[in-house]
1. Report the relative contact order of the range 159-227, percent, no decimals, based on alpha-carbon pairs under 8 angstrom and at least 6 residues apart.
2. If you take the charge dipole of the chain about its Cα centre, with +1 on Lys and Arg Cβ and -1 on Asp and Glu Cβ, which of LEU155, ILE15, GLN31 is farthest toward its positive end?
3. For the residue pair LEU56 and ALA208, what label-to-label distance in nm results when each label sits 7 Å from Cα along the Cα-to-beta-carbon direction?
4. Report the relative contact order of the chain, percent, no decimals, based on alpha-carbon pairs under 8 angstrom and at least 6 residues apart.
5. Give, rounded to the nearest 20 debye, the magnitude of the charge dipole that the range 1-141 has about its Cα centre when Lys and Arg contribute +1 at Cβ and Asp and Glu contribute -1 at Cβ.
6. In terms of modelled amide H atoms, which long-range or inter-chain residues lie less than 5 Å from the amide H of ILE169?
7. Take every Cα-Cα distance within the chain, group them into 5 Å bins from 0 onward, and report for each bin the whole-number percent of pairs it holds.
8. Once you wrap a convex hull around the alpha carbon atoms of the range 29-140, what is its projected area averaged over all directions, in nm²?
Amino acid sequence: MNKPTAFIFDLDGVITDTAHYHFLAWQALAQSIGIDFDAAFNENLKGVGRMESLELILQKGNKANAYTLVEKEAMATQKNEHYKELIVKMTPDEVLPKIPELLQRLQQSQVKIGLASASKNAFTVLGCLKMLGDFDYVADAAKIPNSKPAPDVFLDVAKHFGLDSKYCIGVEDAAAGVESIHRAGMFAVGIGDVSSLGEADILFPNTAAIDVDAIYRAYDQWFKQQA
Ligand code: B16
Ligand code: MG
């Protein structure tokens, strides 16, 4: 059976759930400029970069052209300062179910483990979760030219490992992330709902349901179809 050499994980929604903290910080910012913001709209921002998220919020409030770039950067900074106040209180209890066991199994079988997050706060979050030592490489979102759904962040991790994409498996909870994995030429594991992640090569409803042997079987089939 063909087995992958690396697993490359998304952070928010796969390793831990920071979406709620992003929600609280964006909601406060949106309300301060008179835009309604609810949890349903927050779903659109999962996996989407900071400035792109702000643009979506401004469009929702019909304010896409109401601010200069300098004003928008100040708003993104304001949101991020609030977000950082929330995430520094995170603890290892906030690692999603069965993720530690999954990483341990991969480590024991000498599979490389990478992180491909759009978040510029990824190192802070991993530090609070006491997980910095669990990854062989963490991509620095600040140095990635194009954010998801572009393939850049997944390709950066594969390049660091010196691996062709077909030996890598990406794990994502957002549609933009699954697209990013596929554009990178990798096998995609989706965590979440078929309505948004139907394009994934294998899908689990949540992290507790991840079945590594099922992933390996599906990957083997996929690998045989690659050129
Ligand atoms: P930051 P992921 C993404 O992380 C989040 O899902 C998304 O909601 C956030 O806007 C983005 O990171 C940027 O985060 O503002 O901290 O740089 O899912 O790619 O791990
Ligand atoms: Mg995510």
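Nothing in this text is a laboratory measurement; each read-out follows from the coordinates by a stated rule. What you are looking at is a predicted structure, and each value in this text was computed from that prediction instead of being measured. Note that we place each Cβ from the backbone using ideal geometry, even for glycine, and neighbour counts take in every protein chain shown.
1. Details: 87 pairs, mean separation 16.5, N = 69.
Over the range 159-227, the number comes to 24 percent.
2. Looking along the dipole axis, the top candidate is LEU155.
3. Simple spin-label model gives 2.7 nm for this pair.
4. On the way: 354 pairs, mean separation 58.0, N = 227.
Reported as a whole number, the value is 26 percent.
5. The calculated dipole for the range 1-141 is roughly 240 debye.
6. ALA6, PHE7, ILE8
7. 1, 7, 15, 19, 20, 16, 10, 6, 4, 2, 0, 0
8. Computed as one quarter of the Cα hull surface, the answer is 8.1 nm².
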